[in-house]
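In what follows, a structure is listed as structure tokens, so that the remarks can point back to it.
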Amino acid sequence: MTNVEGPPYVPGHALLDGRTAVITAAAGAGIGGATARRFLEEGARVLISDAHPRRLKAHEAELAEEFGPAAVTALPCDVTDERQVRALFDAAVAAHGRLDVVVNNAGLGGTAPLADMSDEQWTRVLDVTLNGTFRCTRAALRLMRTSGGGVIVNNASVVGWRAQAGQAHYAAAKAGVMALTRCAAVEAAAYGVRVNAVSPSLAMHPHLVKVTTPELLAELTEREAFGRYAQPWEVANVIVFLASDYSSYMTGEVVAVSSQHA
């Protein structure tokens, strides 16, 4: 019988003990926020960023109260702005002395038929989702190639593989993230840096509810073999695995976090 409520929460096992991580789009209740919490539970120190300063500050305060102010810092960052991206990575090194893991979670979706899609809609989604991942990956590699290694985990999507009406811009961006992951991994291997990606199908969070119709959410949920959507922390668990030494021989891989029927 399908467990529609999902599995029990998995406790931490110190998989990232002593690591320093930057996580983008980490404010709120989505995958980024869940990843920040999971990293802290696994012993990492995190610098969280988001383009929404007030929401970011609230999440920083919540995490600092639970895990201690030394474990978490925050800096607003719009990943479409190169100066802000550079400032983010400089702040990570200044705060923690090193950079071990980067999670590129920032992305922007939306729904629009291709024939009616404006240049602005197309460009905005590509600039946040693909170009933002590129800017942060570049900044991370510039630091990691001289520091002896590191790990980068990108957030892709199953729509990078599978067609969905109204998602041409988002699908193109996420397919680009997958290709960027593979190419970056080949270049980064010489520096001891691993680059992988997760590809979630349907992880429920408040922002998704705002930009998706109830009818589409119901349809997407029906496609899942478990008969439910993923909790954001279930995706974060796979990100933890890719960031940890348990995935030491994996690079250039895109790991589906999905229960969709084939």
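What residues qualify as long-range amide H neighbours of Val257, i.e. H under 5 Å apart, gap of 5 or more or another chain, H built at 1.01 Å from N?
Close amide H contacts, sequence-distant or interchain: Ser199, Ser201.
Among the complete DSSP H segments of the chain, which ones combine at least 24 Å of alpha-carbon extent along their axis with a mean Kyte-Doolittle hydropathy of -1.0 or more?
168-188
Amide H to amide H under 5 Å from Val193: which residues, 5+ apart in sequence or cross-chain, H placed 1.01 Å off N in plane?
Gly150
Arrange Thr24, Thr251 by Cβ neighbour counts within 10 Å, fewest through most, would you?
Ascending number of Cβ neighbours within 10 Å: Thr251, Thr24.
At 7 Å along the Cα-to-beta-carbon direction for both Glu65 and Val93, put a label point, then send me their distance in nm to one decimal.
Rounded to a tenth, the inter-label distance reads 3.5 nm.
Report for the chain the percent antiparallel among DSSP-assigned beta bridges with both residues inside it, nearest 5.
Given both bridge residues lie in the chain, the antiparallel proportion sits at roughly 5 percent.
Could you tally the net charge around Ser49, taking each other residue with its Cβ under 11 Å from the Cβ of Ser49, Lys/Arg +1 and Asp/Glu -1?
Charge balance near Ser49 sits at -3.
Give the dimensionless ratio obtained when the Cα radius of gyration of the range 138-193 is divided by 2.2 N^0.38 Å.
1.36
For a quick check: sort Tyr249, Tyr229 by the number of other beta carbons within 10 angstrom, fewest at the front.
Result, fewest neighbours first: Tyr249, Tyr229.
With contacts defined as alpha carbon pairs under 8 Å and 6 or more residues apart, what's the relative contact order of the range 95-146 in percent?
Answer for the range 95-146 is 52 percent.
Mind telling me which of His13, His96, His59 comes out most flexible in a GNM of the chain, alpha-carbon contacts under 10 Å?
Its mean-square fluctuation being the largest, the pick is His13.
May I ask for the equivalent-ellipsoid semi-axes of the range 20-257, computed as the square root of five times each C-alpha gyration tensor eigenvalue and listed largest first in whole Å?
27, 20, 18
For the range 23-124, what is Rg from Cα atoms divided by 2.2 N^0.38 Å, rounded to two decimals?
1.19
Could you calculate the contour length gain from Glu187 to Met250, that is, 0.36 nm times the residue separation minus the distance between their Cα atoms, to one decimal place in nm?
This chain segment gains 21.3 nm when fully extended.
Using a Gaussian network for the chain with springs between C-alpha atoms less than 10 Å apart, which of these wobbles most: Leu114, Leu143, Leu75?
Among Leu114, Leu143, Leu75, the largest GNM mean-square fluctuation belongs to Leu114.
Read the figures in this text as sums done on the coordinates, not as results from a lab. What you see is a predicted model; the values in this text were computed from it and never measured. Here the Cβ is made from the backbone with ideal geometry for all residues, glycine too, and neighbour counts use every protein chain on show.
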